[in-house]
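What follows is a single structure, written as structure tokens, with notes after it.
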Amino acid sequence: MKTSEIVKEIMEIFVKPKRQKQHIQEIIGDLSKGEVGILAYLLNEKNNISSNELESHLQVSSARIASTLNSLEKKGLIKRSKSEEDKRKIVISITTNGITKIEEHQEKVKRYVERLVETLGEKDSLEFIRIVKRIKEITRESIIEDQKEEKC
């Protein structure tokens, strides 16, 4: 197969997965990727955190964080309150409903991936992991190279 044909096929795989994305979204529920990221961080890493700390740790813009926090607060999954140490600061914490929601989400994702692994089999699953790790490595190296070029 020619390189151009391979490139075209890879691009089609990544550009046209709307149906798959919709199916996966139906499986995993009504949380956005950003909401999942924040809830998982609050649950697994650090609760009672400022929005600035979230921006820094998740590497997301302040506007995106604010929008996502508003959505999560409306759903009752997080709460904002004054910091115990500094009453001028607002901290974000996950609610009991938020804990339940993210744990349910993580369980749904786990079951989905388990089905995927069972269908692929061990050999293809391990090959998939190897390839994805390699793509991440290449992407990271490319980003570093691009940053070096921008500094010049």
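The values are calculated or read from the model by the stated rules, or taken from the named source; none is laboratory data. Predicted model only: the values in this text are computed from it and were never measured. Cβ placement follows ideal geometry from the backbone for every residue including glycine, while neighbour counts extend to all protein chains displayed.
Brief remarks on what is shown
- The set of residues from the range 59-86 being among the small types (G, A, S) and buried (at least 16 other Cβ atoms within 10 Å of the Cβ) comprises just one member, S71.
- First in the range 117-138 and part of a helix (DSSP H, G or I), second anywhere and among the aliphatic types (A, V, I, L, M), Cβ under 7 Å, 6 or more apart: S125/V117; F128/L120
Residue-wise test of (1) at pLDDT 90 or above; (2) within 30 Å of I90 (Cβ to Cβ).
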{"residue": "M1", "(1), (2)": "no, no"}
{"residue": "K8", "(1), (2)": "no, no"}
{"residue": "I13", "(1), (2)": "no, no"}
{"residue": "K16", "(1), (2)": "no, no"}
{"residue": "H23", "(1), (2)": "no, no"}
{"residue": "I28", "(1), (2)": "no, yes"}
{"residue": "E35", "(1), (2)": "yes, yes"}
{"residue": "I38", "(1), (2)": "yes, yes"}
{"residue": "L54", "(1), (2)": "yes, yes"}
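- Test: residue in the range 87-97 that is of a type outside the set (V, I, T), without any contact (Cβ under 8 Å) to a residue 60 or more places away in the chain, farther than 26 Å from S32 by Cα and surrounded by 10 or more Cβ atoms within 10 Å (Cβ to Cβ): yes
- Sole residue being surrounded by 15 or more Cβ atoms within 10 Å (Cβ to Cβ), of a type in the set (S, T, Y) and over 23 Å from K108 (Cα atoms), chosen from S56, S51: S51
- A single entry from E107, E149, E141, E114 fulfils the requirement of being surrounded by fewer than 10 Cβ atoms within 10 Å (Cβ to Cβ), without any contact (Cβ under 8 Å) to a residue 60 or more places away in the chain and in a helix (DSSP H, G or I): E149.
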